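Notes follow the structure.
The values are calculated or read from the model by the stated rules, or taken from the named source; none is laboratory data. Nothing here was measured: the structure is a model prediction, and the numbers come from that model. Cβ placement follows ideal geometry from the backbone for every residue including glycine, while neighbour counts extend to all protein chains displayed. Quick note on the areas: whole protein, heavy atoms, side chains included, nothing else; ligands and nucleic acids left out. Shrake-Rupley method; radii C 1.70, N 1.55, O 1.52, S 1.80 Å.
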Amino acid sequence: MAPLSETAKNYKDALSELKMNSKPIITSLTMLATEIAKTDDDEAKTEARNIANVIETRVVEKARDSRVALATLYVLDSIAKNCRDPYASVFAPHVAGVFLTLFAQTDEKTKQSMKKLLGTWETQNVFPREVLARIQTDVDLSGNARVPPPPPPIVHQHQQRVVPPPPPILMMGQPAAAPLQQQQQQFLGQPAPLVAGGMPVVLPDLSGLLNTLKAQQAQSSMGGGSHQSLQGIVAAAPQHHHHRPVTPDFANEDFDFLDAEESLKKFKRDPKSMNKRREYLVNALYDDLPFKCAQTGRRFASKESLDQHMDWLHAKRRRKKSGRACRGWHVSAKEWIKGTIKMGEVDPEFDAFAAGEKKKKENAVGIVIDENLDLNDLPSVLAIESQKKCALSGEPFETFWNEKAQEWHYGKAVKLKRAIGSKKVKAGEIALISAIPKEELEPELIEAIAKAQPRNASTKGAVLRESKRAKK
Amino acid sequence: MGGEENKSDSENEGGGRKKKKVLTTRFDLPKESELRVECKLNRFFHVAVVPNSGTCEIFGSEIGSSSSSALSSSGGVSSSVGGTNTTKKKLGGGKWAFFTYSGCTIELEETNQTNATNANSKIHLTTKKTSGEGAGGEDFGDDTGTRNEDSDDDLEKSGDEEDKDKEEEQAIEIAYVSEETPMVSYLNVHGVLEAKRKKARDCSSALVSSDDAVNEMEKEEEEEDTKKKRKRGEIVEGEEQQEEKENDGVRQKSSAGPRVLIVGPADVGKSSLSKILINYAARQAWSPLFIDLDLGQNAISVPGTISAAPIDHPINPFEDGAHVKSEMPLSYFFGDVTVTENSKEHYKFLVEKIAEMMEARNSKNEHARHSGCIVNTMGWIEGLGLELILHAVKSLEIDTVLCLGQERLFQTLSKQFAKDAALAQQQQQKNKKNKKKTSSSDDDGKKVDAAVEILSLKKSGGVVERTTEFRRKTRDDRFREYFYGFDFVSNPLSPVAQSAFFSSVSFYKVGGGAKAPTSALPIGQEASTDPMRVASVIPSMSLVNAIVAVSHGKTQSDLLTSNVAGFIHIVEVDMHAKRFTYLSPNPGQLPNTNLIVGNVKWFPEN
């Protein structure tokens, strides 16, 4: 081996720090390597070759220590993907040898991870086709010889389904994701190997999962496309605090429930499926509804719905201030079927109360006069400047033009013939009929009102009864 | 379990006169865990989610973690204890579970009056006359429920003195964090229901758009076709109609949302699960129909009724208490909290009535149809109870049954549904054959029912068995809540006492009269009292304390089929003056003079 340059030595030292699959270290090693090969001259190329050499040697040396070897292989992968020129071509001549050496010596778990890695190389065209083909053939051979099941693609999907990996991992192992990763996504791009290395443990757990067939179909039909777009989202995410970006297994999980009947059956067969947390369902209740009401904690999908909700709250609060609340009567069956009362419209509780108050007032004091009656038909009094409000209730009079008398009159009012009540209201003052206690009303007056009331008015009975009693 | 408590006592000058001790406890909840709190009845505590610590929900309804004070004016008391500026929201007595998907920090705060005449109980003693002093401090476990439900009034009073002492101590009996909850599985069930709703919506919108166009064309073609055929005498009238009917049925069915019925023995969290599912749906902008068939603990209306309410926004526990406050409840008064062999026909009739109303609503309201319904049932699962469940499944056309907490019931129902499905299939085949053979097969235009899907779910570890006594008390609370509201101390509703002459109203009873069992009669003779007969009731002193339903029915014959407008509580009967005094929920006149009397009574404690 040729004596190492200073840079390569340093790099070797740095690389020896990598004892396991660790994203930050891999990231920094990648950046370091990128930095070294930045300039476009021969010197840089030589250094790149040196560094490649350091890495390759390390993989082979540590082939027995699968954790280190795999991590180092991930460094190789990360550098090759993120800094293709010149590294991809520098690695290319030896990568097959390195890969196969490690593959031959390592354990089953690592092999699976490596197969995944190989998959990404194929889809992303990291290395020349011939090189990959060579690796693939050997892997297949050894795979068939020593490792019978499970067929890699299925395993791969399972992993996606069952363990929602944390967001950055998104790109990992997702074949189609790669082309997008260029410099500015370097950061995201690097973790690629991580997932594969970090998660293979889940495998056993997955194989039990059902619907493999369907899952495969889904995967293949969706292809990388959906993931690619997801990746875009994730790439953008870190800048806004999107604390829970769409999870990678979204597509598969969504598919989960497409056939409701089927999924219920699935739950029955497989309790695991039923007790598995599906992040997209949680998100649908929380983060997918971005417009949040600060007061009630309710969330909405759109600004309009939030505004509507705020209006409703506002109206509700105002009503609360305006008086005591009480329970209204339930609607009739007909109204219920129509069911048009939506939030933001009427609150029957309050309206019933208002109506009740009004009725109560009427019940308590005078008699009820239909609102729709012509004021001309009812007793009225000449309007005078000196009194504008009812002497009893303090309500303002309704002034109207009396056709018969050709004068301005106060409607539904009478001049008191004697003093009434404890308020010491004197005779001669004007009062609203509705404000006069029933027992104080003169029979003629009641008669007159009864005549004016339409036949079908609900209050007619009451008025007539009053008049009868008065007559007696 | 991961919950760290720092208790901090602080003295507060409450109202200037009395010293209140405020006790704040903080809990850190890990992911997917819940804080369970049991608070004494008629006592209150406050809760707040520490801002930015995560999200949290009560029975599927999210608690906001804002520092705004808007809610404090209506429901809670805002305070800044323990250095956080959060609004504490007020909750009443009962059992509560605060669940978090993300993990969060929750603060509980209880105010312990050190003075014997505490402000709260004073209010309800003097002005409300419904103080819960008795109900307040009762320990759940102190009564084994062997006593007869309605006859234990005096016994209960003797216990009051001791209880008072207890009450002074703590409102919260226990609060702990549990990491084992079935919430994720409930969420997954919601996910399935959600998929069904979406499917229903997509289905019907697709149908609407394609149908119109296609139908037009097809109709023309078909018409020509049939004309030709008819000429040749090839087509039979009956067949044609039948086909159309079936098509309609299938279409309706495919665009209908999930209809879920929750069954299980008592105390497994049925109503909690139904609330969770309802709230989740409402949070995603659906408006499912919540149907509660539980007579004893009806979450929508008072005990003794079965009810249905469309829910278009999540139930806010801070304003509505533990129950469902609906702006549009549809309630039918059964008049008792249990069903007997004698009255089962009446109960079934009311369930069918609700089914009918749901159909009517669904046919007018697309959104409602897609949203589906969630049905809660009684905790009675044997014998007649099971019969009633099966009847409800059939009449409400339930497609999914969720069985909580009992494997045996699950097996029983599974078998039953499988049998039904097989039968239905046979029937169908028979029908088809018949159709071919005979021309007039108009006897059965029923929809092709898919088998009812049944799923067994785990109950939450937080559910506690309730004693008969506790149930009775919560029933009393329901009546009080109806008239005074759940937060009867700081934000009460105002019912009004009114009086009326017997002559101004009519009292009726459904299925009244002697209850002679069929076995006691000569063979072949039916019981002389029809369980569905509406009979008038002569006012008597026995009406005192009765909860009486104000019917919407205008005539005697309408009463059975009419929903109720509300309830009044008869406070006093004066046989001499032929008058009675009653508590009405609001100051208005009674909306109807037809009143239905049942066996439901309420003895307000004072």
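Is it the case, given these coordinates, that B:ASP558 is modelled with pLDDT of 85 or more and open to solvent by 40 Å² or more (accessible area, probe 1.4 Å)? So B:ASP558 passes the test. If you go through region B:344-375 and keep only what is in contact with a Pro (Cβ under 9 Å, 6 or more places away or on another chain) and among the polar types (S, T, N, Q), you end up with B:ASN365, B:SER371. For region B:337-348, the criterion of being more than 17 Å from the chain's Cα centre (by Cα), within 27 Å of B:ASP558 (Cβ to Cβ) and among the small types (Gly, Ala, Ser) is satisfied by at least one residue. Looking for something surrounded by 23 or more Cβ atoms within 10 Å (Cβ to Cβ) and either over 18 Å from B:ILE374 (Cβ atoms) or not assigned by TED's automatic domain parsing to the domain that holds B:TYR508 (or both) - is there at least one such residue anywhere in region B:336-344? The answer is no; no qualifying residue exists. Within region A:95-141, being within 16 Å of A:GLU56 (Cβ to Cβ), open to solvent by less than 20 Å² (accessible area, probe 1.4 Å) and not β-branched (Val, Ile, Thr) holds for A:ALA96, A:PHE99, A:LEU102, A:PHE103, A:MET114, A:LEU117, A:TRP121, A:PHE127.
Name the single residue, out of those in region B:191-205 being within 7 Å of chain A (Cβ to nearest Cβ) and open to solvent by less than 10 Å² (accessible area, probe 1.4 Å), that is nearest to B:LEU35 (Cα to Cα). Among residues in region B:191-205 that are within 7 Å of chain A (Cβ to nearest Cβ) and open to solvent by less than 10 Å² (accessible area, probe 1.4 Å), the one nearest to B:LEU35 (Cα to Cα) is B:GLY191.
Residue-by-condition table, conditions (1) within 16 Å of the chain's Cα centre (by Cα); (2) modelled with pLDDT under 85; (3) more than 7 Å from every other protein chain (Cβ to nearest Cβ):
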site	(1), (2), (3)
A:PHE255	no, yes, yes
A:SER263	no, yes, no
A:ALA294	yes, yes, no
A:LYS321	no, yes, yes
A:TRP329	no, no, no
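Those helices (runs of 4 or more DSSP H) of region B:259-365 in which 1 or more residues are in contact (Cβ under 8 Å) with a residue 60 or more places away in the chain and closer than 23 Å to B:PHE99 by Cβ occupy B:270-283, B:317-320. Checking region B:331-347 against the condition returns a match, with at least one residue being away from chain A (no Cβ under 14 Å), among the aliphatic types (A, V, I, L, M) and touching a Gly at 6+ places or on another chain (Cβ under 9 Å). Determine whether A:LEU76 is part of a helix (DSSP H, G or I) and within 21 Å of A:ASP140 (Cα to Cα). No, not satisfied.
Looking across region A:36-54, just one residue is of a type in the set (Lys, Arg), farther than 18 Å from A:TYR74 by Cα and over 47 Å from the mean Cα position of the chain (by Cα), and that is A:LYS45.
Pairs meeting the criteria (first residue in region A:298-313 and open to solvent by 30 Å² or more (accessible area, probe 1.4 Å), second residue hydrophobic (A, V, I, L, M, F, W, C) and modelled with pLDDT under 85, beta carbons under 7 Å, at least 6 apart or on different chains) are A:MET310/A:CYS293. Is it the case, given these coordinates, that B:ALA577 is open to solvent by less than 20 Å² (accessible area, probe 1.4 Å) and more than 14 Å from chain A (Cβ to nearest Cβ)? In short, no. Looking at region A:1-37, which of its residues are part of a loop (DSSP other than H, G, I, E, B) and of a type in the set (Ser, Thr, Tyr)? A:SER5, A:SER22, listed by residue number. Within region B:366-389, restricting attention to residues that are part of a helix (DSSP H, G or I) and under 21 Å from B:GLY511 (Cβ atoms), the residue that is most open to solvent (accessible area, probe 1.4 Å) is B:GLU387. When region B:382-399 is filtered for residues that are within 17 Å of the chain's Cα centre (by Cα) and within 11 Å of B:GLU352 (Cβ to Cβ), the ones remaining, listed by number, are B:ALA392, B:LEU396.
You will find that of B:SER540, B:SER536, B:SER551, the residue that is open to solvent by less than 10 Å² (accessible area, probe 1.4 Å) and on the phi < 0 side of the Ramachandran plot is B:SER551 and no other. Across region A:274-291, the number of residues qualifying as more than 7 Å from chain B (Cβ to nearest Cβ) and either out of contact with any helix residue (DSSP H, G or I) (no Cβ under 8 Å at 6 or more places or on another chain) or of a type in the set (Asp, Glu) (or both) comes to 5. Set side by side, the residues A:GLU439, A:GLU444, A:GLU466 differ, and just one is open to solvent by 20 Å² or more (accessible area, probe 1.4 Å), modelled with pLDDT under 75 and not assigned by the TED database to the domain that holds A:LYS389, which is A:GLU466.
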